[in-house]
Amino acid sequence: MTGVLVLAGTPIGDVSDAPPRLLTELASADVIAAEDTRRLRRLTQALGVTPAGRVLSYFEGNEVGRTPELVEALTGGARVLLVTDAGMPSVSDPGYRLVAAAVEAGIKVTAVPGPSAVLTALALSGLPVDRFTFEGFPPRKAGDRSRALAEVAAEPRTMVFFEAPHRIAETLAAMAEAFGAERPAAVCRELTKTYEEVKRGPLGELAAWAADGVRGEITVVVAGAPPAAPEQLTDAELAERVAAREAAGERRKEAIAAVALAVGRPKREVFDAVVAAKHGA
């Protein structure tokens, strides 16, 4: 019988946020794969838990080589617990390679839900949360970062980013340039910790605030792009766009719907423009 891979969320700050199941898994797992074994030791001491199984390091530098070892343990029947420094494994943390390898090997994968910096920051930001996208860490190099931000400048959903404190000022300035200085955002710092702070405002103001230096673990939430204003096209121009799509092989009904969606106009208006153009011709 194969074992089970357990992904466990760990506290992002306050240790008392640890779910009860995390304590049980830490005490009973056959193998614990930890991003940082020293942090794991501090966590288990704070929780009053003594791990019974082997503790192995599993971080960015060794996950490629260690994944086959853990899969071998799983196929041998072991219960393997994967924990990262804070939050959920695989979310900008080690874990994806092991999960993919376990799934391919037919091994059961389950999770102990826990604290999440992404969801906590979203909830505290005061920005729309009905739809959002997680963008992880922006590229470190200025040119790569500017290009990456330009690619999501028109994203309509609220965006969540992680960033290191020594790069946050540069990143917020780059965001203000790519998204506009007036785009609403929130910088969430040291979530659930003693010095928790949520700074809300336009990106331009947040960039100026961060220029003096910001410390701690940081999550940035940025409002999505506002809806584009409908294109102001004449009836003749609308009819030309429909005709071009028809010439490319689309049926008239689908062409009218596509043009209406693209220019932000009701389908009836586009249909009437096509009829008017036909009668005019």
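The values are calculated or read from the model by the stated rules, or taken from the named source; none is laboratory data. Worth saying up front: this structure is predicted, and the values here are computed from it rather than measured. Quick reminder, even Gly has a Cβ in these numbers, built from the backbone with ideal geometry, and neighbours come from all protein chains shown. All accessible areas refer to the heavy atoms of the entire protein, side chains included, with ligands and DNA or RNA removed. Shrake-Rupley method; radii C 1.70, N 1.55, O 1.52, S 1.80 Å.
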Inset, instruction - Return the percentage of antiparallel bridges among DSSP beta bridges fully within the chain, rounded to the nearest 5 %. - result: 45
Inset, instruction - Only Lys, Arg, Asp and Glu count, each charged at its Cβ (+1, +1, -1, -1), so figure out the dipole size of the chain about its Cα centre, rounded to 20 debye. - result: 360
Inset, instruction - Report, in deg cm²/dmol and to the nearest 500, the calculated mean residue ellipticity at 222 nm for the chain, where each DSSP H run with n ≥ 4 adds -39500 (n - 2.57) and the sum is divided by the residue count. - result: -13000 deg cm²/dmol
Inset, instruction - Would you mind pulling out the separation of the Cα centroids of the stretch 170-205 and the stretch 227-281, in Å? - result: 41
Legend entry - Accessible surface of the chain, 1.4 Å probe, proportion on carbon and sulfur as whole %: 53
Legend entry - Percentage relative contact order, the chain, counting C-alpha pairs under 8 Å, at least six apart: 17
Legend entry - For VAL112, residues with placed amide H under 5 Å, excluding near neighbours: LEU7, ALA8, GLY9
Legend entry - Loop-resident sites, the stretch 194-281, for trypsin sites (Lys or Arg not before Pro), counting at most 15 other Cβ within 10 Å (DSSP): ARG215, ARG251
Legend entry - Relative contact order %, the stretch 203-281, counting alpha carbon pairs below 8 Å whose residues are six or more apart: 31
Inset, instruction - Using 0.36 nm per residue of separation minus the Cα-Cα distance, give me the extension gain between THR234 and GLU205 in nm, one decimal. - result: 6.4 nm
Inset, instruction - Please determine, in degrees from 0 to 90 and to the nearest 10, the orientation of helix 142-151 with respect to the longest principal axis defined by the Cα atoms of the chain, where the helix direction is its Cα long axis. - result: 60
Inset, instruction - Please label the shape of the stretch 165-221 as rounded, prolate or oblate, based on the square roots a ≥ b ≥ c of the eigenvalues of the alpha-carbon gyration tensor (a/c under 1.5 means rounded; beyond that, a/b larger than b/c means prolate, else oblate). - result: prolate
Inset, instruction - Would you mind working out the accessible area per residue for the chain, using a 1.4 Å probe, and quoting it in Å²? - result: 54
Legend entry - Positive-end residue of ALA173, LEU238, GLY136, charge dipole of the stretch 122-281 with Cβ unit charges: LEU238
Legend entry - Prolate/oblate/rounded call for the stretch 1-105, Cα gyration tensor, a/c under 1.5 rounded: prolate
Legend entry - Per-residue HN-Hα couplings for the stretch 173-187 [Karplus 6.51, -1.76, 1.60; θ = phi - 60°; Hz; x = Gly/Pro]: 5, 5, 5, 4, 6, 6, 9, x, 5, 8, 5, x, 7, 9, 9
Inset, instruction - Report ³J(HN,Hα) in whole Hz for each residue of the stretch 256-262, in order, from the Karplus equation J = 6.51 cos²θ - 1.76 cosθ + 1.60 where θ = phi - 60°; Gly and Pro get x. - result: 5, 4, 5, 5, 4, 5, 5
Inset, instruction - Only Cα pairs under 8 Å and at least 6 apart count here; give the relative contact order of the stretch 167-219 as a rounded whole percent. - result: 43
Inset, instruction - Could you work out how far apart the two model spin labels at THR24 and THR110 are, taking each label as a point 7 Å from the Cα in the direction of the beta carbon, and quote it in nm? - result: 0.8
Legend entry - 3J(HN,Hα) from dihedral phi, the stretch 111-120, Karplus parametrisation 6.51/-1.76/1.60, rounded to Hz, x for glycine, proline: 9, 9, x, x, x, 9, 5, 4, 6, 5
Inset, instruction - Could you size up the charge dipole of the stretch 9-96 around its Cα centre, putting +1 on the beta carbon of Lys and Arg and -1 on that of Asp and Glu, and report it in debye to the nearest 20? - result: 300
Inset, instruction - Assuming R0 = 30 Å, can you tell me the calculated FRET efficiency for the pair HIS279 and ALA248, based on Cβ-Cβ distance, to the nearest 0.05? - result: 0.80
Inset, instruction - Compute the separation of the alpha-carbon centres of the stretch 63-98 and the stretch 105-150 and state it in Å as a whole number. - result: 20
